[in-house]
Every structure is written in C-alpha cells, then in structure tokens.
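Below is one structure, written out as structure tokens; comments come after it.
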Amino acid sequence: MYLVNEHVQPVERATLLRFQQDHHIQLPEAYCEFVQQYGVGTYCGVLNIEHPDAQQLQEFVEYQLWEHDEHSPITNEQLAECIVIGTTIDGDFLALHPQVSDLLWLPRHSTEIEVRQYDSQASWIEMMDQWLTMSYGDSFQKMQPHRYYESWTPSQQHRSLTFHPSEEGNNLLSISSSAEQLTQVADQINTQMPADLKIESPYSCLLFWRSIQGYARFNYAYGYEVALCYDDTDEEAKERLVELLLQYQIY
C-alpha cells in the first residue's frame with residue numbers, strides 16, 4: 001500500500017481501549033492495528049477510516065432512512081447506539097453495534113442495511129478491498145490497481161485548480177477535446193516530473209510524489225478540473241510542480 005504522506009498521526013492504543021470501555025463495545029482488532037499504524041485517513045480515495053464515533057448516527061433516528069423489518073440487523077432506535085468507524089465519499093456508513101457480531105454497512109442510496117462480515121484472520125486492508133468491491137463492483141478493482149492511503153494531517157493542504165484549454169479560432173474546444181488535452185498534459189507533467197505512483201483510468205489520473213507528500217488529480221471526465229494536494233515539506237518540489245501546472249494553463 002502506497003502512503004501518500006509520511007506525517008502519520010497514529011491513534012494510541014490507550015485511546016482505543018478507553019473508548020471500548022466507555023461504550024461497552026469491542027472494536028475490530030484489525031481496525032485498531034490499522035489506525036495505530038497509519039492513523040485516520042482515506043483509503044483509495046473512497047473509504048474514510050475515522051476515529052470511532054458514538055454520536056454520528058444519532059441524528060438519523062428521526063429521519064428513518066433505512067428499513068427496519070424482520071430482516072434488518074438492527075432497529076431504528078438502535079441506530080443511536082451504533083459506533084461509526086468509517087464513511088465513504090458517497091455518504092455510506094461503516095458501523096458496529098454491541099449486539100451485532102459483524103459490521104454494518106448503511107448505504108446512502110439504499111434503504112437496506114447490510115451486514116459486512118468481519119474476518120478476524122484478514123487484515124483491515126483485505127477487508128476494505130472486499131467491502132469496496134461489494135459496493136462498487138469490478139470497477140473498483142479495475143480503477144484501483146494500486147492501493148494507497150492518505151493520512152489526515154493538520155499540515156495537509158488542498159487546492160482546486162482549473163485547466164484552461166487552448167482555443168481553435170473563436171470557439172472553445174468541446175469537453176471531449178478538452179479531456180484529450182488534459183490527458184496529454186498529465187502525460188507531459190509526468191514526463192517532466194516523474195511521479196512515484198501513477199493511477200490512471202479513462203476518467204481520471206492521479207500522479208503521486210513523495211517529495212510533496214501528495215498528488216495531483218486530473219479529471220478527464222470533465223476535462224477542466226485539477227486538484228492539488230500537498231504537505232508542508234519540499235518547498236522546491238512544490239514550486240516546480242506549480243510552475244509546470246501554470247505552463248500548461250492550469251491555475
């Protein structure tokens with residue numbers, strides 16, 4: 001697994017033990033080992049691994065977003081007792097309840113709460129891969145051939161940039177042509193400043209550099225959006241990347 005940044009803030013074992021005692025719940029050991037080593041953060045740009053939270057689902061009790069019939073692993077009232085340990089960028093929740101042996105997947109775009117089996121012999125990374133494949137299908141496997149983890153740190157910075165494609169005559173290029181240009185730009189930047197890891201699909205490209213403890217994301221789908229994430233580390237490398245982006249009309 002590629003680590004986006006090295007400024008990891010591990011969660012202390014004592015903190016996890018105290019939470020378990022206070023809330024009378026057993027956190028998955030693989031989860032505890034993972035956050036003790038890597039801290040909280042985002043896995044493969046999709047799944048957020050968070051500090052255990054006993055309050056995040058309480059407000060959803062009154063909304064009754066999910067079905068709670070005889071097939072549901074929990075009642076609507078038991079939502080308030082759930083501990084959230086992860087979320088997805090689509091709004092799904094990964095949680096556990098004291099009376100349910102496995103983990104709960106509360107989807108954003110479905111009314112059925114799913115049980116996600118917890119394999120005590122598997123690593124947390126293996127289980128995350130399994131859960132994301134179940135939710136996103138084979139597209140997750142195809143689009144994420146390389147696994148990466150972005151630890152959340154106070155010094156992490158994000159910038160949203162826009163690609164300004166060249167013009168033909170007086171008319172702006174179409175979105176598809178802009179996407180083709182952006183693809184070429186990403187290739188050129190990778191040639192001039194070789195990335196330590198490149199993850200590319202028909203819809204996007206991620207270039208990672210350890211020197212900036214971050215990455216640049218090129219959104220091929222729209223052809224204009226570029227995101228830059230970096231940490232307070234090698235200022236020279238960051239300025240070099242910014243100059244390259246400006247050179248290709250990204251600002």
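Pairs of Cα atoms in the range 14-163 fall into 10 Å distance bins, from 0 up to the last occupied one, in shares of 10, 39, 35, 13, 2, 0 percent. With Cα atoms as the point set, the radius of gyration and Dmax of the range 182-251 evaluate to 11.1, 31 Å. Over the range 1-107, accessible surface divided per residue gives 48 Å², non-protein components excluded, 1.4 Å probe. With θ taken as phi - 60° and the Karplus curve 6.51 cos²θ - 1.76 cosθ + 1.60 applied, the whole-hertz 3J(HN,Hα) list for the range 33-48 is 5, 5, 6, 5, 8, 10, x, 7, x, 10, 9, 6, x, 10, 9, 8 Hz, x standing for glycine and proline.
All alpha carbon pair distances within the range 1-46 were sorted into 5 Å bins beginning at 0; the resulting P(r) in whole percents reads 5, 20, 28, 21, 14, 9, 3. The figure for ILE89 is an accessible area of roughly 110 square angstrom, using a 1.4 Å probe on the protein chains alone. If every alpha-carbon in the chain counts as one equal scatterer, what log10 I(q)/I(0) does Debye give at q = 0.09, 0.16, 0.17 1/Å? Calculated log10 I(q)/I(0) at the listed q: -0.49, -1.16, -1.24. In the complete set of protein chains, residue-level accessible area for ARG147 is approximately 40 Å², probe 1.4 angstrom.
For GLU243 and GLN192, the difference between the fully extended length at 0.36 nm per residue and the C-alpha to C-alpha distance is 17.2 nm.
Computed FRET efficiency, Cβ-Cβ of GLU235 and GLN64, R0 51 Å: what is it to the nearest 0.05?
0.50
So, with a 1.4 angstrom probe, what is the percent of accessible area on the chain that is carbon and sulfur? Can you show the working numbers first?
Values: 5920 of 13070 Å².
Roughly 45 percent of what the probe reaches on the chain is carbon or sulfur.
The values are calculated or read from the model by the stated rules, or taken from the named source; none is laboratory data. As the structure is a prediction and not an experimental result, all values here were calculated from the model. Cβ: placed from backbone, ideal geometry, glycine included. Neighbour counts: every protein chain shown. In case anyone asks, the SASA skips ligands and DNA or RNA and just uses the protein heavy atoms, side chains included. Shrake-Rupley method; radii C 1.70, N 1.55, O 1.52, S 1.80 Å.
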